[in-house]
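Following: one structure in structure tokens, then a few remarks.
The values are calculated or read from the model by the stated rules, or taken from the named source; none is laboratory data. Just so it is clear, the model here is predicted, and its values are computed rather than measured. Glycine gets a Cβ as well: all are built from the backbone with ideal geometry, and neighbour counts include every protein chain shown. Ligands, DNA and RNA are excluded from the accessible area calculation, which covers all protein heavy atoms including side chains. Shrake-Rupley method; radii C 1.70, N 1.55, O 1.52, S 1.80 Å.
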Amino acid sequence: MLITNHVLSGALIGLVAPDVGSAFGRGFVSHFILDSVPHFGVDDAHLMRVAVPDGLVGLVAIAVLARATPRRQLLPLLSGIAGACVPDLDKPGRQFFGRSPFPAWFDRAHAVIQPESTRHFPVEVAAASAFTAALLVLLRRF
Ligand SMILES: [Zn+2]
């Protein structure tokens, strides 16, 4: 799944989690749940064409969410986002350092659960819309 959706779902989880540790843990688990849903994906030759804009949109989303979140909720929010995004550190790790930071068994398990297709971009848009709507409702309550 696009990292932007992991950012949005991790933020949502962080805002409703009872503490910072569970925000990270629940965000981490959510990564694999989202990755197991049929989602958008391209082959390795086209990966950076998607990953760069997706990463930039994800960073902007983190900045916007951090600004919109009350200070007392900020650490759980960021912890949820971190937990939800950490499993994808294998991508920048391979791109910039030539290796994943995770053991091979972890990367194999992560790769095998991905039902990716270029036809599934609407799934990403629907997920981003749902997460954003939920975040807007939740942030109005604080
Ligand atoms: Zn992933």
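Listed values, structure above:
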read-out: Kirkwood Rh, angstrom, the range 82-135 [1 / mean 1/r, Cα pairs]; value: 13.2 Å
read-out: LEU75/SER129 FRET efficiency (R0 22 Å; Cβ-Cβ; nearest 0.05); value: 0.25
read-out: Whole-percent pair-distance distribution, where bins are 5 Å wide, for the alpha carbons of the chain; value: 2, 10, 19, 24, 21, 13, 7, 3, 0
read-out: Segments 115-126, 19-30 sorted - mean Cβ within 10 Å per residue, highest first; value: 19-30, 115-126
read-out: Accessible surface of the range 3-141 [probe 1.4 Å, protein heavy atoms]: carbon and sulfur percent; value: 69 percent
read-out: The chain - accessible surface per residue (Å², probe 1.4 Å); value: 57 Å²
read-out: Peptides ranked, highest mean first, by Cβ atoms within 10 Å: ranges 64-76, 31-43, 95-107; value: 31-43, 64-76, 95-107
read-out: Helical segments meeting 27 Å axial Cα length and Kyte-Doolittle -1.0 threshold in the chain (DSSP H); value: 47-68, 121-141
read-out: About the Cα centre, charge dipole magnitude for the range 3-141 (Lys/Arg +1, Asp/Glu -1 at Cβ), debye; value: 540 debye
